[in-house]
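Heads up, the thing below is written out as structure tokens.
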Amino acid sequence: MVDILFIGLSLSSILLLVALGLAVTYGAMGIINMAHGEMVMIGAYTAVMAKIWLGLGLIASIPLAFAVTALAGLAIERLVVRRLYGRLLDTLLATWGIAILLQQAIRLEFGLSFLGIHIAGLGSGLQNVPVPAALQGTVRLLGHDFNAYRIFIVAMTAVLAVATWAVMYRTALGMKVRAIIRNPQMAAACGIAVARTNALTFALGSGLAGVAGVLMAGFKTVAPDMGATLVVDGFMVVVTGGVGSLLGTVAASGLLGEFNALVAMASNDIIGRAAVFAVVIGVILLKPAGLFTFKGR
Amino acid sequence: MAGPLANYRFWAYAGLAVLLLALPLVGDEFWLNRVAKYLCYGMLGAAVALTWGYAGVLNLGQGLFFGIGAYAMAMGLKLKSYTSLQQGSDQPVPDFMLWNAQPGAPTELCCITPGSWLWLPFQWQWTGVIVAVVLPVLLAGIMGRIIFGQRISGVFVSIITLALVLLVRLVVVDAQPLTNGFNGLTDLGWLTVAGHEFDPYAKGTYYLVAVALILVLGLSRILVATRAGTILQATRDSDTRALYLGYDVPAYQTFFFAVSAGIAGLAGMLYVIVSEFASPSFLELSFSITMVVWAAVGGRGSILGAAVGAILINMIEARVSETEALVEAWKAIIGLLFVVTVIYLPKGLSGLAHDGIARLRMRRPALRLKEEAGQ
Amino acid sequence: MNLNRRKFLTTTATAGAALAAPGYLRRAMAAGEPIQVGALYSQTGGLSVVEKMLAAGVRMAAEEINAAGGVMGRPIEVLVEDGASDPKTYAEKAQKLVIRDRVSTVFGCHTSASRKAVLPIFERRGAMLFYQTHYEGFECSPNVVYSGAVPNQQLGNYLPWILETLGKKKVFIVGSNYVYPREMAKVSKGLIEAGGAEWVADEYLELGHSEWAVMVNKIKDSGADVVLSNVVGDSIISFYREFINQGLSHEEIPICATVTSEIEIAAMGPEYAAGSYTSFPYFMSLDTPANHSFIERYRAFVGDPQATTYHSLEAAYFQVFLWKQAVEASGDITAEAIREGVRGQEYAAPGGEVKIDEDNLHCWLTPRIGQWQADGQSKIVDEYPAPIKPLPYAAYGETADNLFCTREGLDSSKL
């Protein structure tokens, strides 16, 4: 039973890793960023490239991936998302286009493959990142064997969740963001640079996805289309938890992850996944605003 | 008498109808078969435009209804396939059921695999035809009543429909004894109506699809011009206001949601007749989103535009993807095209056409005067 | 019931082709004019990583044949089409090749789903499909030449070897959720029970699923001493990684796979698979001059000095030579001629002798078992002395003396 609860916790932490960034961009900015999964993918590729070209290990490439994806996020916000504020469904569609573009950029090695230039680490092939020796194998705790890398992911997710909370609730930026969530016009009237704050928020959300990507690279195959399914799961978590509620996102990921693990163990993985979809549908139908929410906007 | 520009919508529909009906004069059988598939996609574009453009409801699970239509028809046609008669029973039994049968199970449709009796009604091919349209309508009706009754709107509807299509896909893939899982239903027979067999490559089949598309487009267009359609558009722009005006908003939304589902089911049914297979890939999320792309590029606010968008994109895609150098680049182009359309052309190509015609009319005030005098 | 419409259709289609033949042949017979064949593989989408290799194998074979003077003095022209990892696109492109381009032979498809989607087009239009991937059997189409392994060639030696040589008694069967793994599981169960062992579980995961924590935990708890894996695609990589990361080892509970190849081993990092087994007719590590030469030529062809080869790639390559021999044997390129010409053709493939069966158009192959080493290559621990006969209906009781699938087609009364 402890094993299963731990696996559930591990599934939850992976869901939360993806959902954290979405909670920030969707919850705070009203942007449905379908390219969020591709930010995860870019983070993972950053780890691959850092290994090949710079000799950096998995942990050392975390800050690098944060920087790369945050910059990419900033660029996307400037070029596309900025023009679509207030058009929720349009952001979904435009960012879906961006997602395809980013996937193809990796597959075509930013177009260089047309010129016959090949960059190691890019292209449509599968990549992988070795896990540091210290995180391989299992750790024995309380009479049970736990996968060391999964413990690391759970710990990192906790750190990131706390860090995100601290940014949102303990910094000037966070205060501005929350003001914008409640009432953008009023926030602007109070002298908050809404455009600049939004850009930074989007960069933060993307950066979080980049970190998630590095951590995922340790146990998933790195491929151009790895992000596509992640974003759907991430959205379900955010919507189930309640838009704009960080606590709700954390709780929802915990709930869905544990639920998935328990059902999968009791029956099989396919039913486990189907059950998660069913729970999400049920929650939205019964509590359209999400499990944890407050009145805003 | 209004000039051609005054009534350009009608002429656009009429033009497309004539074009579609005249097409067999120029194309070969291969090309007609391919176009017929794209006409099915055109119906999907129209179905998306109907809910998204006119009701403001973005259904990210339209593939569910397409899939139901496809599977219902495919079940009917599978039982007419000669392989189904080869399995050592007097009655047709789909070949894949034999692989999935428990040892010792009788080779009868009633009981070869658990649940195989669900196939029994499909021995009559019209069951497939009817279920293909009626089941999506019923399902959408129930979904609509619950979703819109709860006053769920916007992105939440999208997430529910999306989760539902993924859920159904999992179930279909898992229920191998009933659905042949991931491989889908292949090796189908042909639809036979009054002794006429619909060979997928024959002109008759093309006409079946073309006429269906023309009817779908025409009827949808008439439907949105009715009072119900106008009220629906009012709910899209402000459902609270429409509610306060005393309209039963959920009922209107549900009605159009169900109509759109019926169209998607019909499209799935015709697609199977033309392409001779049904596959769980119809239920993949990417397919449902692709339909939205067609509608967005063609113009979500125009049923005709969305349908034409779907047909055109697919024709261009087919051509480009057969040029080896462009295979990968094409996807990037689609992505870029989409971003640009959403930002700069939110009304799609049909919006562009509308604006162009409006500008033409401005330049010809005489025409406008005549038109006003005529009314 | 006796109205065999497919047969009727095929005959009419062939008759149609025969009527059209004079003009076609006149055009085709012009000296040196290329023979067009199709290569239908995914160039885009999730499966493109593997399928691009298969397309390269076909193109390389065609190039080598052309360099050696072509087929009956005519060069081969390969029309590559993109199946886009989607059965819908596969069907469309197959139509294009068979109906528009009028090729009589297409090399292609990788998944069973794509093969099933294109099959009606080949059968009704009278064209030949050469299919190289190992698959689940239960097919007897006169329009497909199968150069990959069927279950009896992958499992027939494998399970007895696992039970006897490795001395395993409790088998955990796991696979991706579709027909190939399920059929493999069905055949395996029979062999396991016949060998006096037991299977403790038969579990499936969605294709492309990459979260293995729960499944590996089940393996741990099941008390199994060996895992039979019919997992396909990217899932393989996350499976092996999770397996090691949860503290299991191939020394105690080896994974014995039917799909895991050099490709996946390279992508997961060889250390995760070292000590596990796979059953294939071909391994990259085969130490023969023919194989060394093949690997070298393939690497030069794709311009990658590190490129890996594997079972399906080898089959994709040698099937083109079998086709060439079929054309030369019958002196014609119609589907009918190729079907008859290919029966019994033998070829010295990189992995050894292969032969197309006279009865069922499947391929005689040599079963081999490889143990994966730390360098990502395999060590062959068991192999048959000679190729064995393919039996696509082995799961239903087909034996070499009692064939279900013959020249005349499937004898459904035996099912």
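Every number here is computed from the coordinates shown, using simple stated rules; none is lab data. Treat the numbers as computed from the prediction; the structure is a model and nothing was measured. Cβ placement follows ideal geometry from the backbone for every residue including glycine, while neighbour counts extend to all protein chains displayed.
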- Label the protein assembly as shown by shape, choosing from rounded, prolate and oblate, from the square roots a ≥ b ≥ c of the eigenvalues of the Cα gyration tensor; if a/c is under 1.5 it is rounded, and otherwise prolate applies when a/b is larger than b/c, oblate when it is not. oblate
- Message: Highest mean first, how do B:182-194, C:201-213, B:14-26 rank when packing is the count of other Cβ atoms within 10 Å averaged over residues?
- Response: C:201-213, B:182-194, B:14-26
- With label points set 7 Å from each Cα along the Cα-to-Cβ direction at residue C:252 and residue B:150, the distance between them in nm comes to 4.6
- Where nothing but the Cβ of Lys and Arg (+1) and of Asp and Glu (-1) is charged, how large is the charge dipole of segment C:234-320 around its Cα centre, in debye to the nearest 20? 240
- Note on the structure: Residue separation between residue A:278 and residue A:114 times 0.36 nm, minus their alpha-carbon distance, gives in nm 54.6 nm
- Antiparallel %, DSSP beta bridges [both residues in chain C], to 5: 40
- For segment A:189-260 versus segment C:97-123, the gap between their alpha-carbon centres in whole angstrom: 42
- Packing-based ranking, highest mean first, of C:231-244, B:124-137, B:296-309 given that Cβ atoms within 10 Å are counted: B:296-309, C:231-244, B:124-137
- Quick one: work out the % antiparallel among DSSP beta bridges in segment C:153-280, nearest 5. 0
- Message: Inside 10 Å of the C-beta atoms of B:179-190, what's the mean count of C-beta atoms belonging to other chains?
- Response: 5
- Item | Reachable aspartates and glutamates, given that their alpha-carbon falls under 17 Å from the alpha-carbon of residue B:78 and they are not under 8 places away in the same chain | B:90, B:95, B:108, B:187, B:197, B:199, B:276, C:123, C:139
- Query: Quick one: putting +1 on the C-beta of Lys and Arg, -1 on the C-beta of Asp and Glu, what dipole do you get for segment C:143-263 around its Cα centre, in Debye to the nearest 20?
  - Reply: 200
- Message: Can you tell me what share of the DSSP beta bridges in the protein assembly as shown is antiparallel? A percent to the nearest 5 is fine.
- Response: 45
- Under a straight-distance cross-link criterion of Cα-Cα below 23 Å, which lysines are reachable from residue C:168, leaving out those fewer than 8 residues away in the same chain? C:186, C:189, C:218, C:220, C:379
- Message: Using alpha carbons only, how many angstrom separate the centre of segment C:233-256 from the centre of segment B:195-228?
- Response: 53
- Task: Specify whether the C-alpha gyration tensor of segment B:66-156 places it in the rounded, prolate or oblate class, a ≥ b ≥ c being the square roots of the eigenvalues: rounded for a/c under 1.5, otherwise prolate if a/b is larger than b/c and oblate if not.
- Result: prolate
- Note on the structure: Heads up, segment C:279-397 by the C-alpha gyration tensor (a ≥ b ≥ c square roots of eigenvalues; a/c under 1.5 rounded, else a/b over b/c prolate, else oblate) looks oblate
- Item | Number of partner chain Cβ atoms within 10 Å, mean per residue of C:80-90 | 5
- Which listed residue (A:228, C:265, A:169) has the Cα farthest towards the positive end of the charge dipole for the protein assembly as shown, taking +1 on Lys and Arg C-beta and -1 on Asp and Glu C-beta about the Cα centre? A:169
